[in-house]
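The values are calculated or read from the model by the stated rules, or taken from the named source; none is laboratory data. The shown structure was predicted, so the numbers you read here are calculated from the model rather than taken from an experiment. We place every Cβ from the backbone using ideal geometry, glycine too, and count neighbours over all the protein chains shown.
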Amino acid sequence: MSTFNLASPPIDATTDVVIVGGGLAGLFCALKLSPRPVTVISAAPLGEGASSAWAQGGIAAAVAEGDSAEAHAADTIAVGGGIVDKDIALGLAREAPARIHDLLQYGVPFDRDLEGKLAVGREAAHSARRIVHVQGDMAGKAIIAALIAAVRNTPSIRVIEGYTAEALLTDGDTVFGLQLRKSDDVTAAPIVIPSRAIVLATGGIGHLYAVTTNPAEASGQGLAIAARAGAIIADPEFVQFHPTALNVGRDPAPLATEALRGEGATLINGNGERFMLTLDPLAELAPRDIVARGVFAEIAARRGAYLDATKALGAKFAAKFPTVYASCIAAGIDPATQPIPIAPAAHYHMGGIAVDHHGRTSLKGLWAGGEVSSTGAHGANRLASNSLLEAVVYAARIAEDIGGNTFATPVRLSTNPGLRNSAMPPRAESSLRAMMSSHVGVVRNGNQLMDAVQAFAAIERNSNNIALRNMATTALIVAASAWSRRESRGAHFRSDYPAEDLAQRNRTMTTLNEARGIAASVTDTPPLKRTSAGA
């Protein structure tokens with residue numbers, strides 16, 4: 001691995017692949033492309049700023065005796081609100097064991113049982129124990145550490161750290177390059193990288209919300225630059241809120257992994273009552289959207305919500321879940337003896353840049369993988385621990401699709417003179433995040449969504465700050481799509497349309513121009529164009 005500086009040799013646009021994002025999808029794709037020359041661009045140093053590094057649950061894979069890819073796919077489909085692409089879900093489940101093997105080869109120390117077999121745990125809505133972990137709740141950290149070590153030992157991979165992608169440069173529907181700027185110097189001149197093969201692996205949108213488990217880098221920048229270049233965006237209204245983020249006033253909010261409930265921890269309110277028992281037959285192990293709304297309702301009713309592991313784990317808590325334990329102790333809570341205060345937090349985006357089963361977007365020369373993409377595997381509600389699996393499966397598919405191709409030399413590129421930048425206005429950013437939480441959050445309604453659409457459209461139209469404008473671009477697309485889906489499905493819940501509508505049992509496909517059109521005439525715009533599930 002070589003490190004970028006301005007004196008480095010220029011990228012050969014006919015052979016080099018440019019990957020934007022230093023998380024699981026980006027690093028895994030780079031390794032799978034080896035020995036082809038690859039340049040990885042990361043806004044933060046490798047290992048920082050990636051949601052995958054914070055993942056506690058693990059990776060879902062049918063590797064245990066008695067389990068099967070078909071059962072895994074069936075569970076994925078069951079929680080997806082009726083719009084999961086069944087072929088994609090089955091393909092994902094079938095490739096899982098091979099990708100787990102790859103990660104083992106890269107040095108990931110997955111937990112094993114006394115017989116030396118991979119140890120597997122159970123999480124919400126899974127019909128079997130199929131989650132592979134590392135030291136209980138340290139899977140994401142361990143996986144990223146192993147991949148970083150592998151990347152640093154791969155000569156064909158060059159890393160550019162501390163640069164943010166702020167625009168894709170295109171000619172018609174073809175991507176020819178990327179515009180970057182130093183992350184810590186907003187006044188620096190932008191840099192242009194030519195390439196006919198760009199992979200976006202920039203992560204999700206959690207930081208658009210005031211309460212999130214995601215790092216600040218997960219602010220929807222990748223989705224925004226693709227949308228502004230004309231890419232089709234799929235299912236943007238479906239945002240998953242993790243029901244058990246620690247409610248201790250930290251930003252981002254520390255996460256209390258789903259695996260705690262898999263080990264028997266219960267959800268109680270301030271009166272000590274297990275409120276999930278009356279909401280779903282699976283109680284604490286119900287799909288995340290149902291649990292998130294249950295927690296939300298208890299907080300809204302001012303009873304509070306707590307995760308109680310004192311009986312299920314007690315003194316074993318620290319050894320089994322060291323990351324959660326450390327977060328609790330730092331907040332003055334002993335989870336072995338005290339219930340943990342919790343709240344729903346923006347956690348994962350089922351929507352994203354629409355891709356096919358190869359990871360190709362609607363723009364030539366542009367692929368997308370990981371949370372920034374939308375494959376159809378998650379539908380309206382992601383099954384626990386399927387996100388890391390999807391990231392590695394599609395990273396491998398993208399690498400195979402790019403393969404040995406040689407791309408034509410791009411047209412001459414220059415920076416976009418209309419793109420200027422300045423320091424992010426903190427008040428404007430805080431206001432946007434607050435509106436996303438209050439108006440486009442766990443529970444939504446038409447009037448609030450209408451206000452949000454109009455507010456975000458004004459920022460997207462008028463702001464000269466690139467980072468803020470890109471945040472508003474993604475926020476607008478999410479809010480406009482949520483306004484158009486006049487029903488409740490999966491993680492998208494409308495209090496004014498609380499039931500599912502069979503006629504809307506389809507995925508959403510939209511563009512930035514369509515979202516702008518909704519903002520211009522938000523009261524009488526017809527629903528967004530929809531495609532049938534599996535399209």
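For the reader, a short list of remarks on this structure follows.
- Top-ranked residue in the stretch 352-364 [being closer than 15 Å to V17 by Cβ and buried (at least 21 other Cβ atoms within 10 Å of the Cβ); ranked as farthest from the chain's Cα centre (by Cα)]: T361
- All conditions in (1) surrounded by fewer than 18 Cβ atoms within 10 Å (Cβ to Cβ); (2) of a type in the set (A, V, I, L, M, F, W, C); (3) over 29 Å from E217 (Cα atoms) hold for A125, with the sole exception of (1).
- Pair list, Cβ < 8 Å and 6+ apart or interchain, from the stretch 138-150 residues that are surrounded by fewer than 23 Cβ atoms within 10 Å (Cβ to Cβ) to residues that are part of a helix (DSSP H, G or I) and of a type outside the set (V, I, T): M138/P322; K141/A53; K141/W54; A146/L103; I148/L27; A150/L27; A150/L31
- Boolean, A480 is in contact with a helix residue (DSSP H, G or I) (Cβ under 7 Å, 6 or more places away or on another chain) and either assigned to a strand (DSSP E or B) or touching a residue at least 12 places away in the same chain (Cβ under 8 Å) (or both): yes
- Any hit, the stretch 266-288, residues being within 21 Å of G352 (Cα to Cα) and of a type in the set (F, W, Y): no
- When the stretch 485-509 is filtered for residues that are in a helix (DSSP H, G or I) and in contact with a Lys or Arg (Cβ under 9 Å, 6 or more places away or on another chain), only Q504 remains.
- Enumeration of residues in the stretch 313-337 that are out of contact with any helix residue (DSSP H, G or I) (no Cβ under 8 Å at 6 or more places or on another chain) and either on the phi > 0 side of the Ramachandran plot or part of a loop (DSSP other than H, G, I, E, B) (or both): G314, A331, G332, I333
- Checking each residue in the stretch 436-468 for being in a helix (DSSP H, G or I) and either free of Cβ contacts under 8 Å to residues at least 24 places away in the same chain or surrounded by fewer than 17 Cβ atoms within 10 Å (Cβ to Cβ) (or both) picks out S438, G446, N447, Q448, D451, Q454, A455, A458, R461, N462.
- Residues of the stretch 182-203 classified as of a type in the set (V, I, T) and assigned to a loop (DSSP other than H, G, I, E, B), total: 3
- Take the conditions (1) surrounded by 24 or more Cβ atoms within 10 Å (Cβ to Cβ); (2) aliphatic (A, V, I, L, M); (3) not in a loop (DSSP other than H, G, I, E, B); A231 misses just one of them, which is (3).
- Residues satisfying the stated conditions in the stretch 294-311, i.e. buried (at least 16 other Cβ atoms within 10 Å of the Cβ) and assigned to a loop (DSSP other than H, G, I, E, B): G304, A309, T310
- Filtered by the rule that a residue be closer than 23 Å to A218 by Cβ and of a type outside the set (A, V, I, L, M), the stretch 329-347 gives P344, H347.
- Residue count for the stretch 214-228 under the criterion of being charged (D, E, K, R) and either touching a Lys or Arg at 6+ places or on another chain (Cβ under 8 Å) or not in a helix (DSSP H, G or I) (or both): the result is 1.
- The residue pairs whose first member lies in the stretch 313-328 and is over 11 Å from E263 (Cα atoms) and free of Cβ contacts under 8 Å to residues at least 60 places away in the same chain, whose second member is surrounded by fewer than 20 Cβ atoms within 10 Å (Cβ to Cβ) and not charged (D, E, K, R), and whose beta carbons are closer than 6 Å, counting only pairs six or more residues apart or on different chains, are G314/A336; A315/A336; Y325/A318.
- Within the stretch 201-215, the set of residues being within 20 Å of R397 (Cβ to Cβ) and among the hydroxyl-bearing types (S, T, Y) comprises T202 only.
- Candidate set from the stretch 66-99 (those that are among the aliphatic types (A, V, I, L, M) and closer than 22 Å to F493 by Cβ); member that is farthest from the chain's Cα centre (by Cα): A78
- Taken over the stretch 258-273, the criterion of being under 16 Å from P341 (Cβ atoms) and either among the hydrophobic types (A, V, I, L, M, F, W, C) or in a loop (DSSP other than H, G, I, E, B) (or both) is satisfied by L260, A265, L267, I268, G270, N271, G272, E273.
- Residue count, the stretch 1-56 (criterion: modelled with pLDDT under 65 and assigned to a strand (DSSP E or B)): 2
- Index of the failed condition, R130 passing every other in (1) surrounded by fewer than 21 Cβ atoms within 10 Å (Cβ to Cβ); (2) charged (D, E, K, R); (3) in contact (Cβ under 8 Å) with a residue 60 or more places away in the chain: (1)
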